[in-house]
Amino acid sequence: MKRTLLLMLVLSMFLSCAVRKTAEGEKVITIEPAPGQADTIRPVEIDTTATTVKDTITFQKPSKLAHGWRVQIYAFSDNARAELAYQDAKLRLNVPVYMEYLAGLDDTPYKIRVGNFLTRQEAEKYRDFLRENGYIDAFIVETQVEVP
């Protein structure tokens, strides 16, 4: 009876795996737990070229929010264009970059905003820096910001 239950559990794990072919061989990229087994099975990433299994679960400390300012550098109506601008800004800028969706305000709901400034003076200084470096339409937005 125990063997049958164990065999069924192992079989359900393998049947629910998503397998992707890569240049190095096959890699299991996700494992979905069987119904009722969420507490006993965790998603893992298995690299078939290595000898260890690495958990794909990462835990981040929740950020505290405070009143502050960000600098908006773009606004788009199209999600795809907003995503490209967001990725580009993340590569170029030395502050946190956020893509926010604000429906109903105007016809450009996707906003690309940067920074977590606690004072308006800090935000103004960074806005001026951005304007000098190609983000000529950058402006300050009062909002909730993340603090360490």
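A short reminder: the numbers here are calculations on the coordinates, not readings from a lab. Just so it is clear, the model here is predicted, and its values are computed rather than measured. All Cβ positions, even for glycine, are placed from backbone atoms using ideal geometry, and neighbour counts span all protein chains on display.
What is the fewest-to-most order of Phe76, Phe129 by other Cβ atoms lying within 10 Å of their Cβ?
Neighbour counts put them in this order, fewest first: Phe129, Phe76.
Among Thr143, Thr108, Thr119, which comes first, second and so on when ranked by fewest other beta-carbon atoms within 10 Å?
Going from least to most buried by this count: Thr119, Thr108, Thr143.
Which net charge results when you count Lys and Arg as +1 and Asp and Glu as -1 among the other residues whose beta-carbon is under 11 Å from that of Ala138?
Numbers: positive: Arg70, Arg113, Arg127, Arg131; negative: Glu124, Asp128, Glu132, Asp137.
Local charge sum for Ala138: 0.
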